[in-house]
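Down below is the structure, laid out as structure tokens.
The values are calculated or read from the model by the stated rules, or taken from the named source; none is laboratory data. On a predicted model such as this, the values are computed, not experimentally measured, just so you know. All Cβ positions, even for glycine, are placed from backbone atoms using ideal geometry, and neighbour counts span all protein chains on display. Only protein heavy atoms, including side chains, enter the accessible area calculation; ligands, DNA and RNA are left aside. Shrake-Rupley method; radii C 1.70, N 1.55, O 1.52, S 1.80 Å.
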Amino acid sequence: MGLRPRTETRILDAAEDLFFTQGIVATPIDTITARAGVSPATLYRGYVSKDALVAAVLQRRQEAWIATWDDAVARSATDEQRLLAIFDALQAFRVQPRDSRWCAFLATSAEYAVAPPEVAAAIRSDTEGMRTRLEELAAPIAGAAAAQLAERLLLVVSGDLAMRLRVPDHATDTARDIAAALISR
């Protein structure tokens, strides 16, 4: 038997908040259940393990990120603007009501020396999703070099996200400028 949608939302909200402000390893299940107002049995009815819960939180986070990126791309008029829209999306995603300081996927990667399979799959899905989308958006500009440009942009995006941990009020302007320079080459 699964969870009711409201119960699932409460669990995912609590887990997301705690995992990405306190840390995944540092957050025990009983803290999540207390925050969500559910019993451990209820949580485990929906998620067979803490790792499954982490993967579900990441999947939901990726879906929210993709929707934000889709909106930024839709507002763009040119191929270059559509490719650079990832930086508009990063800024928009950052101001949404979340308590984490940086990328949930990078944070999760940093917590595990070897991520459990379901967590590794969620991280891989996010990385490959960004890589593929950047390559698709780069194709009209870079043609046969789209994959190479996408890989470079992915590195710039990852660096920008990591800087948010070092400098909490870090803006994406510098990363966007670097990306624009790469695109113009």
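Going residue by residue through segment 94-106, is there one that turns out to be among the hydroxyl-bearing types (S, T, Y), assigned to a loop (DSSP other than H, G, I, E, B), touching a helix residue (DSSP H, G or I) at 6+ places or on another chain (Cβ under 8 Å) and under 17 Å from W69 (Cα atoms)? No; the residues of segment 94-106 include none that is among the hydroxyl-bearing types (S, T, Y), assigned to a loop (DSSP other than H, G, I, E, B), touching a helix residue (DSSP H, G or I) at 6+ places or on another chain (Cβ under 8 Å) and under 17 Å from W69 (Cα atoms). Just one of the listed residues (R61, R82) is assigned to a helix (DSSP H, G or I), touching a helix residue (DSSP H, G or I) at 6+ places or on another chain (Cβ under 6 Å), at pLDDT 95 or above and surrounded by 19 or more Cβ atoms within 10 Å (Cβ to Cβ), and it is R82. Selection of segment 95-112 for residues being more than 27 Å from A139 (Cα to Cα) and at pLDDT below 90 yields V95, Q96, P97, R98, D99, S100, R101, W102.
Take the conditions among the basic types (K, R), within 30 Å of A26 (Cβ to Cβ) and in contact (Cβ under 8 Å) with a residue 12 or more places away in the chain and apply them to R94. Does it pass? For R94, the condition - among the basic types (K, R), within 30 Å of A26 (Cβ to Cβ) and in contact (Cβ under 8 Å) with a residue 12 or more places away in the chain - is met.
Report whether or not V48 is without any contact (Cβ under 8 Å) to a residue 24 or more places away in the chain, closer than 20 Å to P117 by Cβ, open to solvent by 20 Å² or more (accessible area, probe 1.4 Å) and not hydroxyl-bearing (S, T, Y).
yes
For segment 23-37, filtering for residues that are charged (D, E, K, R) and surrounded by 15 or more Cβ atoms within 10 Å (Cβ to Cβ) leaves 1. Checking A147, A107 one by one, the residue that is surrounded by 13 or more Cβ atoms within 10 Å (Cβ to Cβ), under 24 Å from A179 (Cα atoms), of a type outside the set (F, W, Y) and touching a Gly at 6+ places or on another chain (Cβ under 9 Å) is A107 and no other.
Once segment 64-79 is narrowed to residues that are assigned to a helix (DSSP H, G or I) and among the β-branched types (V, I, T), the residue that is farthest from A142 (Cα to Cα) is T68.
Consider R131 carefully, then state whether it is within 25 Å of L58 (Cβ to Cβ), among the basic types (K, R), free of Cβ contacts under 8 Å to residues at least 60 places away in the same chain and surrounded by 15 or more Cβ atoms within 10 Å (Cβ to Cβ). When the stated conditions are applied, R131 passes them. Just so you know, in segment 64-79 the residues that are within 18 Å of D126 (Cα to Cα) and open to solvent by 60 Å² or more (accessible area, probe 1.4 Å) include one that is farthest from the chain's Cα centre (by Cα), and it is D71. Consider segment 150-171 and keep the residues that are open to solvent by 60 Å² or more (accessible area, probe 1.4 Å) and among the aliphatic types (A, V, I, L, M). The one that is modelled with the highest pLDDT is L155. The set of residues in segment 4-52 that are part of a loop (DSSP other than H, G, I, E, B), of a type in the set (V, I, T) and within 20 Å of the chain's Cα centre (by Cα) comprises I24, V25, T27.
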